[in-house]
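Just below is one structure, and these are the notes that go with it.
Where a number appears in this text, it was derived from the coordinates with a stated rule and is not lab data. Computed from a predicted model, the values in this text were never measured in an experiment. Counting neighbours? That spans all protein chains shown, and the Cβs are built from the backbone with ideal geometry, glycine included.
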């Protein structure tokens, strides 16, 4: 541990001031990066979360050590950790394309709260290093993550009259290692003839392309139309 922090580990006016200032600096650093990327939780939110967690951690220590109250040192901190889940949940949204956004911001808020707890407990080294690490991950992690090759996902709509079409299509997907994530089927009538519409969400297990799915579907007897995404 860094010995020059030893005089600031007890709850004194100076140590409280230092912990609060560090919470502002750490929260602001993480929040600035989120604000720069136009994320829902930005500069002020991260500062408030870090300050609040710091104050909660210091309060638990003060009640147990300075006031000698029969309380658990970690109880307030545990409530902060669980409570941050509700705040982070508000930043997570599901787009129309069924992709999820806001997970990194939610995780950053949660980490910011933990950093505040560490600073409030006098664990300056851990809090500062964690803040720097989180900031580096948020700045450079997106570039590194974008280089990871991901298995593609496809969303196709299939309009058909012969029920055997769907069985054939599902068998083709299985044979070509497509994992079916979701399947929705509904029926309508077109000139007194039953018409079925199947919405299929797939994930390829071997970097296949969407074209092979569409080409196979178009060759099937009884298919009226096939396309990507919503109803074709």
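Could you please state, rounded to a whole Å, how far the C-alpha centre of the range 156-205 is from the C-alpha centre of the range 45-121?
The distance from the Cα centre of the range 156-205 to that of the range 45-121 comes to 46 Å.
P(r) for the range 83-217, please, calculated from all Cα pair distances in 10 Å bins and given in %.
Calculated over all Cα pairs of the range 83-217, the distribution is 10, 26, 22, 17, 14, 8, 3, 0 percent.
Restricting to Cα pairs below 8 Å that are 6+ residues apart, what does the relative contact order work out to for the chain? Please round to a whole percent.
It rounds to 18 percent for the chain.
Each label point is 7 Å from the Cα along the Cα-to-Cβ direction; what then is the distance between the points at residue 38 and residue 221, in nm?
Between residue 38 and residue 221, the simple spin-label model gives 5.3 nm.
Once every Cα of the range 1-56 carries one equal point scatterer and solvent is ignored, give the base-10 log of I(q)/I(0) from the Debye formula at q = 0.14, 0.20, 0.24, 0.29 Å⁻¹, two decimals.
Ignoring solvent entirely, the Cα scatterers give -0.44, -0.71, -0.85, -1.04.
Give, to the nearest whole percent, the P(r) tail of the chain beyond 26 angstrom, counting all Cα pairs.
Above the 26 Å cut-off, the chain has 56 percent of its Cα pairs.
With springs connecting C-alpha atoms under 10 Å apart, model the chain as a Gaussian network and identify which of 171, 19, 34 has the largest mean-square fluctuation.
171
State the volume of the convex hull built on the alpha-carbon positions of the range 153-228, expressed per residue in Å³ and rounded to an integer.
71
What is the helix-to-structure angle for 13-36, meaning the angle in degrees between its Cα long axis and the longest Cα principal axis of the chain, kept from 0 to 90 and rounded to the nearest 10?
Value to nearest ten degrees: 20.
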